[in-house]
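Written out below as structure tokens is the structure these notes cover.
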Amino acid sequence: MDRQKSLEVKNLRISFRTNAGKVQAVRDISFDLYKGETLAIVGESGSGKSVTSKAILGIQAGNAIYEGGEILYDGQDLLKISEEDFYKLRGDKIAMIFQDPLSSLNPIMRIGKQLTEAMLLKGKARQKASRVNSKQKIALLQKYMQQNSPASADETNKQIEVFKSFELEHARLEQEYNAAYDAASEAVVEIDDALFRISKNALDDIKNRVRKLRRFVMQSVDEFVVPEKEKSTLESLSKAAYAHSKRAEYSEEARRALEEELSSLSSILKSALNKEKPDFYALGYARFVNKASQSADISRMNAENNKLLKIGFLDSFSALAQGGVSYADGVFAAKRAEALKELGEAEAYLNTNLSDTAELKRRVEQVCSKVDASINDLDIVKDSMACTFSGSLKDFRKTYMTGLRTNAKKQRKYDRQMARYNKRIEKGKAPDWKVAAASTIDLEQVRLNMLEHVRNLKEHYTILSAELSAEETARKTERLLDYLKENTSGMVFKVTKSMAKQRALKLMEEVGIPEPEKRYRSYPFEFSGGMRQRIVIAIALAANPDILICDEPTTALDVTIQAQILELINELKRRRNLSIIFITHDLGVVANMADRIAVMYAGKIVEYGTADDVFYSPAHPYTWALLSSMPDLDTKDKLEAIPGTPPDMLYPPVGDAFAARNKYAMKIDFKQQPPRFYISDTHWAATWLLHPDAPKIDPPAIVTDRIARMKQKNANEYAKEASSND
């Protein structure tokens, strides 16, 4: 079964404008990130790894030039979306941990405020998005259900109205529950704070706190949080507590009574908060048809209401909805066939001379129109390749037409500068400057990029042309109904200040910060470096993102704390099924946490494979050099420093960028960039040493010895584990 891709980076090229010329930071790199995996990007400073990660998050420097490529996420090309669209993704879907935690923290704002700020802002945006998503998808589903069976249009409309009505009841019930649950949570926080102050004999603000507490206690009364029958108990306890709080500082007896009353209140509320949550989707339908289960047991009530929903509505509605989904798939399959034909014609055209700009524009507009029309608007999981096709192809066309218009002018400028440079040399004067390469656009390369872009979608659509099976359509329908259910809940899930505080405390506990209630009001300077980084991780996780980018998060920490932070990130990945991009210059850091590794040098990925591929079968001399300079407990030999310095990317090397520092370099390394040589389905390296005609060269002894030790150590651990199991 294919793994789900969280992110795709394709042929990414990024440069930076400087006074000295254009620095080529990222040069045509591609990789995929899968759900629940850690991809490590490893390389020295200046290799382009951090530039890549910042491009994903849309926080690149103002002098950055995106010269080509795509970053695909959830049907969008992140290189082409607006700042407003990035706001919806940044921190919410894609979060980042930086090298220095202080760069991510406001030094004059309390930690609690920094943790809750984003939750509150994102909560409002999420409510609005859920409302829009739900409305749009229900309207589309209704349209396709009607088109699938025009004769049953009345029945379809009736079913949709029933669906909308009980969804409104679902939303009302859940909203009331959320408000009461939030009030109970806030009451518990106030009680804990009051009890802490009493224990410390800090009674100056107890009366005001208990008065505030009474309001939250009464707001927590709800049939599923604190039932009405317990209201009188809560009221009498909170009244008594308030009475004692007014004279607590004068009477030891009153203080003890206050502690007992507050503890009793806390016990009732905590018990209520730990109860199972009702299934409001099923309950909404049961209440709508006046047949709701009367069981006091939540599990039993949920089971009975779900059975009623299934038999009374969901089975018949799902069948109608499945017909609508199947009809939509058929409509868009036919449109994909039209687009496929147009893609074939575009492919043939792009293999010809493209000097006629009017014809190029017409062809591009035509194929983009067909592809855009072929995207199924009912799909929940977006087809990123199709959704981003038109924007990329139009950008390629624009670049090509710009090249036709400006190349000659740029070449003349370069020729003039070169003539001036040569004239100074002829006069015996050595210039202290170089002539930057002509910044002309390689029209042939742009044409090939357009051609490859069209071919990729053509191949993709050829695979998609097959009709979905009944089982696949059923799963797709179920996914759509789940999506509508989630968005209804999202519409009424308001993140309040008290709720955000509760979540912040849980996050602080999750990332290993002791006494979170006490540290919640601390400032960043009151934390150690490791604790500050834990706070930054908690902030990054506050919105429960899909992707977490870690940009050298342990470099500023000592070795012991490094290990703790790495272990924490690993544990959070497993618990939350996160997709992680881990940026580092140290291969040793990712040895026990990376699933796959991309080794970068001078803006290019020079080796790519699983962690086992890279650590046990390294193939590129640069990877050998990184491993040779990596310390471990067993290596007794002197570590080898990598000679020389990385190249000046104002003037990128013609051949292999590592050649000047590579003692195994051959003549061809200085003349021509090596292509990818595939070692296995999961492992490749761009080095001429893998060419069939290249001499056989083994990695340095320090690397082969380390690999042998690692293999032996793993074999011993495996044997020990096997014997213990026996």
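Okay, here's what the table says:
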item	result
Largest to smallest accessible area among M385, M450 [probe 1.4 Å]	M385, M450
Accessible surface of region 215-264 [probe 1.4 Å, protein heavy atoms]: carbon and sulfur percent	43 percent
For the chain: relative contact order, % (alpha-carbon pairs under 8 angstrom, 6 or more apart)	23 percent
For region 205-259, alpha-carbon Rg and Dmax in angstrom	12.3, 39
Environment charge of A240, counting only residues whose C-beta is closer than 10 Å and scoring Lys/Arg +1, Asp/Glu -1	-2
Stokes-Einstein D for region 48-112, Kirkwood Rh over Cα pairs, 20 °C, 1.002 mPa s (µm²/s)	159 µm²/s
With Cα atoms, 0 to 90° folded angle of helix 701-725 axis to the chain main axis	30 degrees
Carbon + sulfur, % of accessible area of region 449-586 - ligands and nucleic acids excluded, 1.4 Å	49 percent
nm² value of the averaged projected area, convex hull over the Cα atoms of region 487-634	11.7 nm²
Residues listed by number, region 17-33, amide nitrogen under 12 Å from W433 label point at 7 Å toward C-beta	19-21
Reference-scaled alpha-carbon Rg (2.2 N^0.38 Å with N residues) for the chain	1.17
Accessible surface, per residue, of the chain when the full set of protein chains is kept, probe 1.4 Å, Å²	51 Å²
Amide H within-cut-off set for L7, under 5 Å, with H built and near neighbours excluded	L33
Cα centroid separation, region 328-348 to region 366-404 (Å)	13 Å
Virtual spin-label span in nm between S103 and Y678, 7 Å along Cα→Cβ	3.8 nm
18 Å Cα-Cα reach of K423 towards lysines, excluding residues that sit fewer than 8 places from it in its own chain	K413, K434
Spread of Cα-to-Cα distances over 5 Å intervals beginning at zero, given as percent, for region 15-166	1, 6, 11, 14, 14, 12, 11, 9, 7, 5, 4, 3, 2, 0, 0
Three principal axis lengths of region 115-181 [C-alpha, angstrom, descending]	54, 22, 10
Phi to ³J(HN,Hα) by Karplus 6.51 cos²θ - 1.76 cosθ + 1.60 over region 124-136, Hz, x for Gly, Pro	5, 5, 5, 4, 4, 5, 4, 5, 5, 4, 4, 4, 5
Dimensionless Rg over Rh [region 488-574; C-alpha; Kirkwood]	1.00
Between helix 470-492 and the chain: long-axis angle, C-alpha atoms, 0 to 90°, nearest 10	60 degrees
Region 543-623: C-alpha pair distances exceeding 15 Å, %	60 percent
Area of E640 that stays accessible when all protein chains are in place (1.4 Å probe, Å², to 10)	80 Å²
Listed residues S50, A598, F31: farthest to the positive end of the dipole of the chain (Cβ charges)	S50
Per DSSP, loop GluC sites (Glu not before Pro) in region 255-293 with at most 15 further Cβ within 10 Å	E276
Approximate spin-label separation K310-K124, in nm, with each point projected 7 Å along Cα-to-Cβ	4.2 nm
Nearest 10 degrees, 0 to 90: helix 357-373 Cα axis against the chain principal axis	30 degrees
Among the listed pairs K307/K494; K143/K164; K124/K158; K239/K501; K667/K696; K49/K711, those beyond 23 Å (Cα-Cα)	K307/K494; K124/K158; K239/K501; K49/K711
Unit charges at the beta carbon, dipole of region 64-160: most positive-side option, P150, P101, Y87	P150
Set of aspartates and glutamates with alpha-carbon distance to K10 below 18 Å, sequence-local pairs under 8 removed	D28, D32, E67, E70, D74, D77, D383, D395, E452, E459, E607
Candidates per chymotrypsin sites (Phe, Trp or Tyr not before Pro) in region 407-467, loop by DSSP, up to 15 other Cβ within 10 Å	W433
Mean shadow area of region 558-674, taken as a quarter of the surface of its Cα convex hull (nm²)	9.0 nm²
In sequence order, calculated HN-Hα J values of region 453-464 (Karplus, 6.51, -1.76, 1.60; Hz; x Gly/Pro)	4, 5, 4, 4, 5, 4, 5, 4, 5, 4, 5, 6
Reachable lysines, given that their alpha-carbon falls under 16 Å from the alpha-carbon of K361 and they are not under 8 places away in the same chain	K370, K394, K398
Farthest toward positive dipole pole in region 478-579 [+1 Lys/Arg, -1 Asp/Glu at C-beta], among V495, V559, F525	V495
Region 434-480: proportion of alpha-carbon pairs further apart than 12 angstrom, %	76 percent
Nearest-20 debye value, the chain charge dipole, Cβ charges on Lys, Arg, Asp, Glu	2600 debye
Convex hull volume per residue in cubic angstrom - Cα atoms of region 171-280	78 Å³
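The values are calculated or read from the model by the stated rules, or taken from the named source; none is laboratory data. All of these numbers come straight from a predicted model, not from anything done at the bench. Glycine gets a Cβ as well: all are built from the backbone with ideal geometry, and neighbour counts include every protein chain shown. Remember, those area values only see protein heavy atoms, side chains included, never the ligands or the DNA or RNA. Shrake-Rupley method; radii C 1.70, N 1.55, O 1.52, S 1.80 Å.
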